[in-house]
Amino acid sequence: MRKLIEAVKSLQTEKEIEDFLRGILTPKELDEICMRLEIVKKLKQGTPQQEIAKLLGVGVATVTRGSRELKNGRFKYI
């Protein structure tokens, strides 16, 4: 994890970040990360979990996982 954090911290432009993410992740992994980010944003806006699952076409368990991490203090800066 430390090496990944160091690699991300070394990136300075949006283009560098995009190139890194596209290089290290498969298209499916990138889509999943973007979806999880959207889930977290909707949870922080107060959207009910069932509604998020329906809107985004994901399972309730996926939304619940995001909710649990949010309750654990993650995603403070999003």
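The values are calculated or read from the model by the stated rules, or taken from the named source; none is laboratory data. This structure is a prediction, so every number in the text was calculated from the model and none was measured. In this analysis, Cβ positions are derived from the backbone assuming ideal geometry, glycine residues included, and neighbour counts consider all displayed protein chains. All accessible areas refer to the heavy atoms of the entire protein, side chains included, with ligands and DNA or RNA removed. Shrake-Rupley method; radii C 1.70, N 1.55, O 1.52, S 1.80 Å.
Quickly run through segment 26-44 and pick out the residues that are out of contact with any Lys or Arg (no Cβ under 8 Å at 6 or more places or on another chain), of a type outside the set (D, E, K, R) and under 18 Å from residue 78 (Cβ atoms).
Matches in segment 26-44: 33, 34, 35, 37, 39, 40, 43.
Tell me, which residue of segment 8-22 that is open to solvent by less than 70 Å² (accessible area, probe 1.4 Å) and not aliphatic (A, V, I, L, M) is farthest from residue 70 (Cα to Cα)?
Checking each candidate, the answer is 13.
Within segment 50-78, how many residues are touching a Leu at 6+ places or on another chain (Cβ under 9 Å) and either part of a helix (DSSP H, G or I) or within 11 Å of residue 35 (Cβ to Cβ) (or both)?
Total meeting the criteria: 6.
Which numbered condition in (1) assigned to a helix (DSSP H, G or I); (2) in contact with a helix residue (DSSP H, G or I) (Cβ under 6 Å, 6 or more places away or on another chain) is the only one that residue 23 fails?
Here residue 23 clears every test but (2).
For segment 23-44: of the residues being under 17 Å from residue 8 (Cβ atoms) and within 10 Å of the chain's Cα centre (by Cα), which is least open to solvent (accessible area, probe 1.4 Å)?
30
Is it fair to say residue 47 is open to solvent by less than 60 Å² (accessible area, probe 1.4 Å) and outside any helix (DSSP H, G or I)?
Taking the combined requirement at face value, the residue satisfies it.
Filter segment 57-68 down to residues that are buried (at least 16 other Cβ atoms within 10 Å of the Cβ) and more than 13 Å from the chain's Cα centre (by Cα), then give me how many there are.
1
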